[in-house]
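Please read the structure below before turning to the comments.
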Amino acid sequence: MHPPRPDWYEEFYAFLLDTGMQSYEAEVAGYKSQLFTNLKGKAETVLEIGIGTGPNLKYYAGDNDFHVFGIDPNRKMEKYARAAALNAGLPPENFKFTRAVAEALPVSDASIDAVVGTLVLCSVKDVNMTLKEVMRVLKPGGIYLFMEHVAAK
């Protein structure tokens, strides 16, 4: 786990992400919509790393077969992510939020159909460990769906 930040900082950061990313999300909505169609009929259990305030949850809506496990190191993201899940029509029993980091995913080996990460690799401490964890938790033939803005090495 990352070193704890003051409570006020985590709340402020969650609020800023929730309100400050709206124009970006509107701009990439068409692309994300196309990207998330890759999961339809191919994934039931989805682990979203760095779920943040839940901007991707609307892309799971309308399909009660999705069970989404969202992880984020900032515990203040949970209330925003839960509200986004509710607004998207994702049944509450199909969404779970866990405070965790992507470098140590709290799920069993080969237990997840798809891992989703959007704009998250810039914020992890160890990209290589994160990618190893993604591979560890994915079922054979699983999908790693990502959208990033960092350059490859």
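The values are calculated or read from the model by the stated rules, or taken from the named source; none is laboratory data. Treat the numbers as computed from the prediction; the structure is a model and nothing was measured. Cβ placement follows ideal geometry from the backbone for every residue including glycine, while neighbour counts extend to all protein chains displayed. SASA here: full protein model, heavy atoms, side chains in, ligands and nucleic acids out. Shrake-Rupley method; radii C 1.70, N 1.55, O 1.52, S 1.80 Å.
Tabulated data for the structure shown
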quantity	calculated
Candidate residues Leu47, Leu131: accessible-area rank, largest first, probe 1.4 Å	Leu131, Leu47
Positive-pole candidate from Tyr13, Val46, Gly142, dipole of the chain, charges at beta carbon	Gly142
Sequence-separation-based contact order of the stretch 1-80, relative, with Cα cut under 8 Å and 6+ spacing, percent	39 percent
About the Cα centre, charge dipole magnitude for the stretch 34-150 (Lys/Arg +1, Asp/Glu -1 at Cβ), debye	240 debye
Stokes-Einstein diffusion coefficient of the chain, Kirkwood radius over Cα pairs, 25 °C, 0.890 mPa s, in µm²/s	157 µm²/s
Partner lysines for Lys32 [C-alpha distance under 18 Å; skip if fewer than 8 residues away on the same chain]	Lys40, Lys42, Lys58
Solvent-accessible surface (1.4 angstrom probe) belonging to Asp109, in square angstrom, nearest 10	100 Å²
Cα centre as origin, Lys/Arg/Asp/Glu Cβ charges: the stretch 1-41 dipole, Debye	280 debye
Largest-first ordering by accessible area, 1.4 Å probe, given options Tyr60, Tyr144	Tyr144, Tyr60
³J(HN,Hα), Karplus 6.51/-1.76/1.60, whole Hz, each residue of the stretch 66-73, x for Gly, Pro	6, 10, 9, 10, x, 10, 7, x
Heavy-atom accessible area ranking, 1.4 Å probe, most first, across Arg5, Arg136	Arg5, Arg136
Distance in nm between pseudo-label sites at Cys122 and Val28 (7 Å out along the Cβ direction from Cα)	0.9 nm
Solvent-accessible surface (1.4 angstrom probe) belonging to Leu16, in square angstrom, nearest 10	80 Å²
Gaussian network model of the chain, Cα within-10 Å springs - most flexible of Asn74, Asn94, Asn128	Asn128
Unit charges on C-beta of K, R, D, E only; dipole of the stretch 93-151, Debye	80 debye
